[in-house]
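Participant: Below is one structure. I have some questions about it.
The values are calculated or read from the model by the stated rules, or taken from the named source; none is laboratory data. Owing to the predicted nature of the structure, the values given are computational and were not obtained by experimental measurement. Using ideal geometry, Cβ is built from the backbone for each residue, glycine included, and neighbour counts are taken over all protein chains shown.
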Amino acid sequence: MKAPRFSYVRADSVAQAVALLDQHGEEARILAGGQSLMPTLNMRLSQPRLLIDINRLDALAGIALQGDRVRIGALTRHVEVANSAIVARHLPLIAEAMPHVAHVAVRNRGTFGGSIALADPAAEMPACVLALGATLVLQSAAGRREVAADDYFLGLYETARRPDELLVEALVPVQRPGTVSVFMELARRHGDFAIAGMAFHLTVARGVVADARLVYFGSEDKPTLAHGARTAIAGRRMDEASANAAADALEHDLAPMTNVQGSTAMRLHLQRVLTRRALAVAAERARAA
Amino acid sequence: MSEETMQIAVTVNGEAVARTVPVRQHLVDFLRTELGLTGSHLGCEHGVCGACSVRVDGRVVRGCLMLAVQVDGAHVVTIEGLDETGEIADLQAAFVARNALQCGFCTPGMLMTCAELLAQASPMSRAEIRTFLSGNYCRCTGFHAIVDAVETTLTQRLQR
């Protein structure tokens, strides 16, 4: 189908974009990479009155190491993140996740910030920024504010971002020595929406888990930080027994939505299988480090 | 709401083009209806099938997921332009030799994506080729012959 009628403004500055958001609120949509917005327009699932195109706002793009954090501009394309030496070195979780983000042509256009702003429950980047404890920076006509990823994802496509705010960047703490990360995803076709997936970030000291941020996506209405599984593995050696304990505890952490991809029970089963596999990989990586 | 339009100036297959377009028109409708470049196909029109793949500023994108107004000032290459430059003449020959197309509907988009794979000029396994092409649907060939053609062409280019 064809998109419905809308008005279109190509923003020349962040100030102009947020002024338009301030004026039009929920009747406006930000057009970043458009890889999720354009399908909904073509299928007439959304009918915004105004599209605010931010693709010419170069200030919103780019990756830079700033002290102990990596700044990823919201307009940075997935392909730039995938090819970034800074990300490969300091954010190996995101580097490992990136090939799973859709397909080549979509990664060439889709943006890091767009994925986080949309907060699709099956998307990879929201899970990664949550696992890494990133900070998300929002800008409105009134000013900037920072929101911790822990407080950002609220529900199905629902975030702490207000309608008058533009997500401008993510500040992601670098992965330090002594931490280990694993990303895994199951999809019917490579690059398709996840049936099950996880982004793990563990702190390991002498083979013992000091802390574990275990984030599951493609299950609930938003990325889920598993508290029970975290407790089950904290303070234990990384072995089969502790991996099994974490997978068992998942039953109380996670209630995957039943959808066309499968039932709650099947999708919980898949997350538990992947959990055991991912923790085995994490143990390998911790030993090798 | 009346139909809102905007003027754009874009280079398509090396040729400068200026048009006034509806702001809601996507890139492939513009290429097909305004410029008569019907090699870019519309399959699903929501970013799943890859038949609409075109190159914008050097990278392959979904033509149905970009608005025509967004290519103002950009360089667009369609399958017609890619064919004309001879950049993938070897790949096209391999597609014919391996029978890597049947109905041909997906072929323009498939070739656009394959062109990006070949341009990277790095060795790839058959599994990696399949993964690279995962965003392009073919409903006739079962992909095997397409992977053959890409593998053959890539191997030949890397030996040069």
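Participant: Go through region B:120-140 and give me each residue that's within 14 Å of chain A (Cβ to nearest Cβ), surrounded by fewer than 18 Cβ atoms within 10 Å (Cβ to Cβ) and either in contact (Cβ under 8 Å) with a residue 24 or more places away in the chain or among the aromatic types (Phe, Trp, Tyr) (or both).
Facilitator: Answer for region B:120-140, where residues must be within 14 Å of chain A (Cβ to nearest Cβ), surrounded by fewer than 18 Cβ atoms within 10 Å (Cβ to Cβ) and either in contact (Cβ under 8 Å) with a residue 24 or more places away in the chain or among the aromatic types (Phe, Trp, Tyr) (or both): B:126, B:139.
Participant: Could you count how many residues in region A:13-53 are modelled with pLDDT of 95 or more and away from chain B (no Cβ under 13 Å)?
Facilitator: Summing the residues that are modelled with pLDDT of 95 or more and away from chain B (no Cβ under 13 Å) in region A:13-53 gives 14.
Participant: Here's something else I'd like to know. Would you confirm whether or not region A:158-174 contains a residue that is assigned to a strand (DSSP E or B) and touching a Phe, Trp or Tyr at 6+ places or on another chain (Cβ under 6 Å)? Talk me through it step by step, then tell me what you get.
Facilitator: Looking only at region A:158-174, we keep the residues that are assigned to a strand (DSSP E or B), and these are A:158-159, A:166-173.
Add one more test, that the residue is touching a Phe, Trp or Tyr at 6+ places or on another chain (Cβ under 6 Å), and what stays is A:159.
The answer is yes, given that some residue of region A:158-174 is assigned to a strand (DSSP E or B) and touching a Phe, Trp or Tyr at 6+ places or on another chain (Cβ under 6 Å).
Participant: When you go through (1) within 24 Å of residue B:12 (Cα to Cα); (2) buried (at least 17 other Cβ atoms within 10 Å of the Cβ); (3) within 13 Å of chain A (Cβ to nearest Cβ); (4) touching a Lys or Arg at 6+ places or on another chain (Cβ under 9 Å) one by one for residue B:143, which number turns out not to apply?
Facilitator: Against the list (1) within 24 Å of residue B:12 (Cα to Cα); (2) buried (at least 17 other Cβ atoms within 10 Å of the Cβ); (3) within 13 Å of chain A (Cβ to nearest Cβ); (4) touching a Lys or Arg at 6+ places or on another chain (Cβ under 9 Å), residue B:143 comes up short only on (1).
Participant: Quick one: how many residues across region B:102-119 are more than 14 Å from every other protein chain (Cβ to nearest Cβ) and part of a helix (DSSP H, G or I)?
Facilitator: Count: 1.
Participant: A further question follows. Quick check, is residue A:246 of a type outside the set (Asp, Glu), at pLDDT below 95, surrounded by 22 or more Cβ atoms within 10 Å (Cβ to Cβ) and in contact with a helix residue (DSSP H, G or I) (Cβ under 8 Å, 6 or more places away or on another chain)?
Facilitator: For residue A:246, the condition - of a type outside the set (Asp, Glu), at pLDDT below 95, surrounded by 22 or more Cβ atoms within 10 Å (Cβ to Cβ) and in contact with a helix residue (DSSP H, G or I) (Cβ under 8 Å, 6 or more places away or on another chain) - is not met.
Participant: If the requirement is being among the acidic types (Asp, Glu), surrounded by fewer than 16 Cβ atoms within 10 Å (Cβ to Cβ) and either modelled with pLDDT of 95 or more or farther than 16 Å from residue A:103 by Cβ (or both), which of these qualifies: B:15, B:80, B:45?
Facilitator: Only one candidate qualifies: B:15.
Participant: Report yes if residue B:60 is under 17 Å from the mean Cα position of the chain (by Cα), more than 8 Å from every other protein chain (Cβ to nearest Cβ) and among the hydrophobic types (A, V, I, L, M, F, W, C), otherwise no.
Facilitator: No.
Participant: Oh, and also: Among residues belonging to region A:65-79 that are touching a helix residue (DSSP H, G or I) at 6+ places or on another chain (Cβ under 7 Å) and more than 9 Å from every other protein chain (Cβ to nearest Cβ), point out the one that is surrounded by the fewest Cβ atoms within 10 Å (Cβ to Cβ).
Facilitator: A:65
Participant: Of the conditions (1) under 30 Å from residue A:1 (Cβ atoms); (2) buried (at least 16 other Cβ atoms within 10 Å of the Cβ); (3) not β-branched (Val, Ile, Thr), residue B:75 satisfies every one except a single condition; which number is it?
Facilitator: For residue B:75, the exception is condition (2).
Participant: Could I ask something else about it? Please count how many residues of region B:27-51 are in contact with a Ser or Thr (Cβ under 8 Å, 6 or more places away or on another chain), more than 12 Å from chain A (Cβ to nearest Cβ) and farther than 22 Å from residue B:5 by Cα.
Facilitator: Of the residues in that region, 2 qualify.
Participant: Looking at (1) closer than 14 Å to residue A:279 by Cα; (2) out of contact with any strand residue (DSSP E or B) (no Cβ under 7 Å at 6 or more places or on another chain); (3) without any contact (Cβ under 8 Å) to a residue 40 or more places away in the chain, find the lone condition where residue A:230 falls short.
Facilitator: (2)
Participant: Condition first: more than 14 Å from chain A (Cβ to nearest Cβ) and not aliphatic (A, V, I, L, M). Now tell me which residues in region B:10-26 satisfy that.
Facilitator: If the condition is that a residue be more than 14 Å from chain A (Cβ to nearest Cβ) and not aliphatic (A, V, I, L, M), then B:11, B:13, B:14, B:15, B:19 are the ones that fit.
Participant: Right, here's the next one. Go through (1) touching a Gly at 6+ places or on another chain (Cβ under 9 Å); (2) farther than 26 Å from residue B:63 by Cβ and name the single condition residue A:91 misses.
Facilitator: Of the numbered conditions (1) touching a Gly at 6+ places or on another chain (Cβ under 9 Å); (2) farther than 26 Å from residue B:63 by Cβ, the odd one out for residue A:91 is (1).
Participant: Oh, and also: Please identify the pairs in which a residue from region A:277-289 that is assigned by TED's automatic domain parsing to the domain that holds residue A:245 has its Cβ atom under 6 Å from the Cβ atom of a residue that is of a type in the set (Gly, Ala, Ser), counting only partners at least 6 apart or on another chain.
Facilitator: From residues that are assigned by TED's automatic domain parsing to the domain that holds residue A:245, the pairs are A:279/A:243.
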